[in-house]
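Written out below as structure tokens is the structure these notes cover.
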Amino acid sequence: MTNAPEPHELLLALRKLRTAVATVDRDVAAVAKLRDSDLTVLDVLHREGRQTPTDLARRTRTHLATMTGVLARLEKEGWIERRSDSRDRRSIGVHATSVERFRALYAEPNARLAALFAEWPADQASVFLASVEQVVRALDEEAGGPARR
């Protein structure tokens, strides 16, 4: 029987993971000529779908005035479209327009990770997924994220 990792070891592992993901994101942003904040907004749109500018600002913890600039850059470069809501013409929805272009940016790191995950037994993959979801919920709640809004 092995000893469970200490909490500080788990926290260090999360920091290593954050650094590795941030490094990949910086490389992707550089290739796509995007700012980190732009990439974050695209990631949310690709994962979660249509959002209002206000929802995006809350979701990414970005000031609404800053979000206006992010959306203007993304729209100019063809990454997003802003459309009026068919039920409420006053409301604007932001839609990703570049799903394949976005996926292509992450093709290489995603392929490496997919190969790794394919080697994992089902129970390891299930525990990993549940653990990541718990960590995200804990961080969102702590920072007043979407879970509290």
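Go through segment 18-35 and give me each residue that's open to solvent by 30 Å² or more (accessible area, probe 1.4 Å) and farther than 21 Å from residue 135 by Cβ. Steps first, please.
We begin by selecting, within segment 18-35, every residue open to solvent by 30 Å² or more (accessible area, probe 1.4 Å); these are 18-21, 23-27, 30-31, 33, 35.
Those that are open to solvent by 30 Å² or more (accessible area, probe 1.4 Å) and farther than 21 Å from residue 135 by Cβ: 26, 27, 30, 31, 33, 35.
Would you be able to say whether some residue in segment 79-93 is surrounded by 10 or more Cβ atoms within 10 Å (Cβ to Cβ), under 19 Å from residue 28 (Cβ atoms) and modelled with pLDDT of 95 or more? Spell out how you get there, then give the answer.
Step one: list which residues in segment 79-93 are surrounded by 10 or more Cβ atoms within 10 Å (Cβ to Cβ), which gives 79-85, 91-93.
Then drop every residue that is not under 19 Å from residue 28 (Cβ atoms), which leaves 79-80.
Now drop any that are not modelled with pLDDT of 95 or more, which leaves 79-80.
Yes, the conditions are met somewhere in segment 79-93.
I'm told residue 31 meets every condition in (1) assigned to a helix (DSSP H, G or I); (2) farther than 22 Å from residue 141 by Cα; (3) without any contact (Cβ under 8 Å) to a residue 60 or more places away in the chain; (4) aliphatic (A, V, I, L, M) except one. Can you identify the failing condition by its number?
Residue 31 satisfies every listed condition except (3).
For segment 58-78: of the residues being closer than 24 Å to residue 141 by Cβ and out of contact with any strand residue (DSSP E or B) (no Cβ under 8 Å at 6 or more places or on another chain), which is surrounded by the fewest Cβ atoms within 10 Å (Cβ to Cβ)? Please lay out each step first, then the result.
At the first step, the residues of segment 58-78 found to be closer than 24 Å to residue 141 by Cβ are 58-64, 66-67.
Now restrict to residues that are out of contact with any strand residue (DSSP E or B) (no Cβ under 8 Å at 6 or more places or on another chain): 58, 60-64, 66-67.
On the way: 58: 17, 60: 16, 61: 11, 62: 18, 63: 9, 64: 11, 66: 12, 67: 21.
Among them, the one singled out is 63.
Yes or no: residue 55 surrounded by 12 or more Cβ atoms within 10 Å (Cβ to Cβ) and among the charged types (D, E, K, R)? Steps first, answer last, please.
Values: surrounded by 12 or more Cβ atoms within 10 Å (Cβ to Cβ): yes; among the charged types (D, E, K, R): yes.
For residue 55, the condition - surrounded by 12 or more Cβ atoms within 10 Å (Cβ to Cβ) and among the charged types (D, E, K, R) - is met.
Quick one: how many residues across segment 100-123 are open to solvent by less than 70 Å² (accessible area, probe 1.4 Å) and polar (S, T, N, Q)?
0
When you scan segment 82-91, do you find a residue that is touching an Asp or Glu at 6+ places or on another chain (Cβ under 8 Å), part of a strand (DSSP E or B) and among the basic types (Lys, Arg), even just one?
At the first step, the residues of segment 82-91 found to be touching an Asp or Glu at 6+ places or on another chain (Cβ under 8 Å) are 82, 91.
Imposing the further condition that a residue be part of a strand (DSSP E or B) reduces the set to 82.
From what's left, among the basic types (Lys, Arg): 82.
Checking segment 82-91: at least one residue is touching an Asp or Glu at 6+ places or on another chain (Cβ under 8 Å), part of a strand (DSSP E or B) and among the basic types (Lys, Arg).
Name the single residue, out of those in segment 94-149 being aromatic (Phe, Trp, Tyr) and assigned to a helix (DSSP H, G or I), that is modelled with the lowest pLDDT.
From segment 94-149, those aromatic (Phe, Trp, Tyr) are 102, 106, 117, 120, 128; that's our starting set.
Those left that are additionally assigned to a helix (DSSP H, G or I): 102, 117, 128.
Details: 102: 92, 117: 97, 128: 96.
For segment 94-149, the residue satisfying everything is 102.
The values are calculated or read from the model by the stated rules, or taken from the named source; none is laboratory data. No experiment lies behind these values; they were computed from the predicted model shown. Every residue, glycine as well, gets a Cβ built from its backbone with ideal geometry; the counts of neighbours run over all protein chains shown. All accessible areas refer to the heavy atoms of the entire protein, side chains included, with ligands and DNA or RNA removed. Shrake-Rupley method; radii C 1.70, N 1.55, O 1.52, S 1.80 Å.
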